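The values are calculated or read from the model by the stated rules, or taken from the named source; none is laboratory data. Given the structure is predicted, the values throughout are model-derived calculations rather than measurements. Glycine gets a Cβ as well: all are built from the backbone with ideal geometry, and neighbour counts include every protein chain shown.
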Amino acid sequence: MTRYDGKVQPGGDVQIRDVGNARIHKRNVGSMGNNAYVIESKATGDALLIDAAADWPKLQQMVSWVNVVGIATTHRHQDHTGALADAVAALDVPTYAGADDADAIEQPTTTRLSDGDTIEVGDLRIDCAHLRGHTPGSIAFSFTDADGHSHLFSGDTLFPGGIGATNHYDYQSFPQLIDDVEERLFGRFDDETWVYPGHGDDTTIGTERPSLDEWRNRGW
């Protein structure tokens, strides 16, 4: 484990960040450099694994000191679900995914999520935002820590410098995704909100907000 700066490397160490009453674990796994996260309640040790993306042995090591009570998948793409079957077999916990992506995920989904749903993890309430355009059922997960700071796990909907890809599949739509990101992320979260994306470095809503019109005008 190393000091938390949000800049994790493929196959590298877990980074851990203490935020009020919660602890966030981040690790980069797999050939596509996916970020996997654990949100842990400090009060109970209960935790939610977000995106069992790849390399179950490394993810298993990351969760070995917490009590995982659920596995949440941000969206259907295989690079975000490659270790899901192994994780479910090892942990035997409920799974969560967007209602409109669940049927496209090979591992059965216990709970299908919609916009505004919540997941309880110890004393933490994880909120769900449905964001269409990258996939039909992408879900961003968020919580507010005891100090009043928001933390947003955006999957492949929002990154430093732009939104997720919308030009690879016929179900993708740039206008839909940019509208949902503007309304359901920039419209709901303040500038101090920390963003943990599905790939790459962390950012904040405030860092990205000034570029929203530029993204809309450029079309990607």
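Overview of values
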item: Matching option when the condition is within 21 Å of ASP101 (Cβ to Cβ), in contact with a helix residue (DSSP H, G or I) (Cβ under 8 Å, 6 or more places away or on another chain) and crowded, with 20+ Cβ neighbours inside 10 Å, among ASP156, ASP180; result: ASP156
item: Output for the stretch 43-64, where each listed residue is farther than 19 Å from ASP79 by Cα and without any contact (Cβ under 8 Å) to a residue 24 or more places away in the chain; result: SER64
item: Total residues in the stretch 1-26, condition among the acidic types (Asp, Glu) and closer than 22 Å to GLN60 by Cβ; result: 1
item: Residues of the stretch 98-131 that turn out to be assigned to a strand (DSSP E or B) and not hydrophobic (A, V, I, L, M, F, W, C), as a count; result: 8
item: Any hit, the stretch 1-20, residues being at pLDDT 95 or above, small (Gly, Ala, Ser), under 13 Å from TYR196 (Cβ atoms) and buried (at least 19 other Cβ atoms within 10 Å of the Cβ); result: no
item: Top-ranked residue in the stretch 40-97 [being charged (D, E, K, R) and assigned to a helix (DSSP H, G or I); ranked as farthest from GLY133 (Cα to Cα)]; result: LYS58
item: Cross-chain or 6+ apart pairs with Cβ under 9 Å, the stretch 186-212 first and under 21 Å from ILE39 (Cβ atoms) and modelled with pLDDT of 95 or more, then surrounded by 14 or more Cβ atoms within 10 Å (Cβ to Cβ) and basic (Lys, Arg); result: TRP194/ARG17; TYR196/LYS26; ASP202/LYS26
item: Filter result (aliphatic (A, V, I, L, M) and within 15 Å of ILE24 (Cα to Cα)) within the stretch 103-161; result: VAL121, LEU124, ILE126, ALA146, LEU152
